[in-house]
Amino acid sequence: FETCPGRVLCKVPCSGEKEVDLAVQSAKAAFKIWSQMSGMERCRVMLEAARIIREQREEIATMETINNGKSIFEARVDIDISWQCLEYYAGLAGSLAGEHIQLPGGSFGYTRREPLGVCVGIGAWNYPFQIACWKSGPALACGNAMVFKPSPFTPISVVRLAEIFTEAGVPKGLFNVVQGGAATGQLLCQHPDVAKISFTGSVPTGMKIMEMAAKGIKPVTLELGGKSPLIIFSDADLENAVKGALMANFLTQGEVCCNGTRVFVERKILDTFTKEVVKRTQKIKIGDPLLEDTRMGALINRPHLNRVQGFIKQAKEQGAEVLCGGDLYVPDDPKLKNGYYMRPCVLGNCKDDMTCVKEEIFGPVMAILPFDTEEEVVERANATKFGLAGGVFTRDIQKAHRVVAALKAGMCFINNYNISPVELPFGGYKSSGFGRENGRAAIEYYSQLKTVCVEMGDVESVF
């Protein structure tokens, strides 16, 4: 394996109506077997899949780096989170249960937690393998089958996940992969035998998926975009806050939906914080993502790189100041010269009404905005259509909890940012979507409750 920026890795045929139907029917047949297995039986198979991923961590991480362009350092973390996710839901599979409710006269009722059937997962290109595990983990634990469509920009690593599930012992066809773009996604969403859709991606695509799902009364989970606030109070540990801001903006080349790209800094530490952030940003090692010391790889493709560059150009036109980066980067290695690299960018002199502050850039671009009071910054932080994440850095624990309680966001961080423990639910408010990935909460979105009422005496009739 070696990274080959700007060159074709492989060619993947798009799945049409015939392939989509075959995948769904195959999953439907596997569902009949898998759904009848006990939770403990499903647990053992999922633990085996997690073990294989853990054992092949380096190989899968390398594949993911080539698939996506992120650094091998980050890809290893993604793979670790992936096997941890499967382990976590394997542990829950054996504990899924309903309730017993005593009724008058010795009668009783009970509830059964049952799987939905064939679930569709549609993934994004920033965390291809990890997102597939985030969706398949709870789906399979609950007894469902899944047909997964990765992004056409990152089609490779999810196929390896399908092979791993098969090696681990799931029924043939339980986790199927189809390839393609919007047309393939539409076929999946409209298929009559699909019971549920879980999508990670942009707001416009999420809206279309919701419309298609509505026609079949299919439940959806939507994990969409964000323009999240990161609030740095003057009493914060400055070193920690700077590291948090870098984590909140530059992971995976800034291509992260929950990134804290609106960095609000209390005015009295604005200059000190900004200087330190710029200094650290300029030291970020860009280049071949397979090298151990690389911390920022290449953006996903040329059109996206051009789009990010367009945002920076527009920011300058609207009065923002480029404090560092924002320009294209050409590595010394000749085989990387056609790569989609850029230097991470920090923007100063930003205002709330600038496009770079309002719209999701999805690239390594941080906007710094000063504030004066807690009340003011909370109001400004919430003045967005998005509500995926938010962060607060302060030593005042009461203020920290007070501010995160006021933030209209589904995932909040105190004195850290962009950590994703699989035990905690992840999802957004407002236009950032609904439903939750991870944690026990995800079980609710991959199962349904059946109520059974048992009469132990004679039927009371009004007739």
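The values are calculated or read from the model by the stated rules, or taken from the named source; none is laboratory data. Not measured: the values here are computed from a predicted model. In this analysis, Cβ positions are derived from the backbone assuming ideal geometry, glycine residues included, and neighbour counts consider all displayed protein chains. The accessibility values were calculated without ligands, DNA or RNA, using every heavy atom of the protein model including side chains. Shrake-Rupley method; radii C 1.70, N 1.55, O 1.52, S 1.80 Å.
When both bridge partners sit in the chain, DSSP labels roughly 35% of those beta bridges antiparallel.
What number results when the radius of gyration of the chain, computed over Cα atoms, is divided by 2.2 N^0.38 Å? The partial results should precede the final answer.
Values: Rg = 23.6 Å, N = 463, 2.2 N^0.38 = 22.7 Å.
Against the compact-globule rule of thumb, the ratio is 1.04.
Each label was represented as a point 7 Å from its Cα along the Cα-to-Cβ direction; for Arg267 and Gln102 these points are 6.5 nm apart. Computed over neighbours whose Cβ is under 11 Å from that of Glu223, the net charge equals +1, Lys and Arg +1, Asp and Glu -1.
Multiply the residue separation of Ser95 and Lys385 by 0.36 nm, subtract the distance between their alpha-carbon atoms, and state the gained length in nm to one decimal. Numbers along the way, then the final one.
Numbers: separation 290, 0.36 × 290 = 104.40 nm, distance 3.79 nm.
Gain on stretching Ser95 to Lys385: 100.6 nm.
Rolling a 1.4 Å probe across all protein chains gives Cys258 an accessible area of roughly 10 Å². Solvent-accessible surface (1.4 Å probe) assigned to His100 amounts to roughly 120 Å². For the range 169-283, the fraction of 1.4 Å probe accessible surface lying on carbon and sulfur atoms is 58 percent. Between Gln318 and Thr373, the FRET efficiency from the beta-carbon distance, with R0 = 25 Å, is close to 0.50. Computed packing ranks the peptides 242-254, 303-315 as 242-254, 303-315, most packed first, by mean other Cβ atoms within 10 Å.
Taking R0 as 51 Å, what's the FRET efficiency between Val159 and Met456 from their Cβ-Cβ distance, rounded to 0.05? Working shown, then result.
Values: r = 53 Å, r/R0 = 1.05.
Between Val159 and Met456 the formula returns 0.45.
Using the 1.4 Å probe convention, the accessible area of the chain works out to 43 Å² per residue with neighbouring protein chains retained.
Relative contact order for the chain: 19 percent, from Cα pairs under 8 Å spaced at least 6 residues apart, divided by residue count.
Here the chain is treated with +1 on each Lys and Arg Cβ and -1 on each Asp and Glu Cβ, and its dipole about the Cα centre works out to around 760 debye.
Under the classification rounded if a/c is under 1.5, otherwise prolate if a/b is larger than b/c and oblate if not, where does the range 229-414 fall, given a ≥ b ≥ c as square roots of the Cα gyration tensor eigenvalues? Mind showing how you got there, number by number?
Details: a/c = 1.90, a/b = 1.68, b/c = 1.14.
Prolate, because a/c is 1.5 or more and a/b exceeds b/c.
Beta bridges from DSSP with both residues in the range 17-225: antiparallel share about 15 percent, rounded to the nearest 5.
Is the shape of the range 316-375 rounded, prolate or oblate, going by the alpha carbon gyration tensor and its root eigenvalues a ≥ b ≥ c, with a/c under 1.5 for rounded and a/b larger than b/c for prolate? Intermediate values should be presented prior to the final figure.
Details: a/c = 2.91, a/b = 2.80, b/c = 1.04.
Taking the square roots of the gyration eigenvalues as a ≥ b ≥ c, the range 316-375 is prolate.
I want to verify the translational diffusion coefficient of the range 148-215 in µm²/s; compute it with Stokes-Einstein, Rh as the Kirkwood radius over Cα pairs, at 20 °C and 1.002 mPa s. The diffusion coefficient I find is 163 µm²/s. Given R₀ = 25 Å, FRET efficiency for Glu423-Asp293 by Cβ-Cβ distance, to 0.05? Once rounded, the FRET efficiency stands at 0.20. Shape of the range 17-225 from the C-alpha gyration tensor: oblate (a/c of 1.5 or more and a/b not above b/c, with a ≥ b ≥ c the square roots of its eigenvalues).
Treating the beta-carbon of each Lys and Arg as +1 and of each Asp and Glu as -1, no other charges, what is the dipole magnitude of the range 39-168 about its Cα centre, to the nearest 20 debye?
On the way: 12 positive and 14 negative charges, 55 e Å.
Charge dipole, the range 39-168, about its Cα centre: 260 debye, nearest 20.
A simple count of charges around Cys350, restricted to other residues whose Cβ falls under 14 Å of its Cβ and scoring Lys, Arg +1 and Asp, Glu -1, yields +2. When the label point is put 7 Å from the Cα of Glu41 along its Cα-to-beta-carbon vector, which residues of the range 79-96 have a backbone N closer than 20 Å? It comes to 89-96, nothing else.
The P(r) of the range 244-317 has a tail past 15 Å containing 66 percent of all C-alpha pairs.
Per residue of the chain, what 222 nm ellipticity follows from adding -39500 (n - 2.57) for every DSSP H run with n ≥ 4, rounded to the nearest 500?
Here the helix-only value at 222 nm equals -12500 deg cm²/dmol.
Taking a straight Cα-Cα cut-off under 25 Å and skipping sequence neighbours fewer than 8 places away in the same chain, the lysines within cross-link reach of Lys358 are Lys208, Lys227, Lys243, Lys268, Lys275, Lys313, Lys316, Lys385, Lys408, Lys430.
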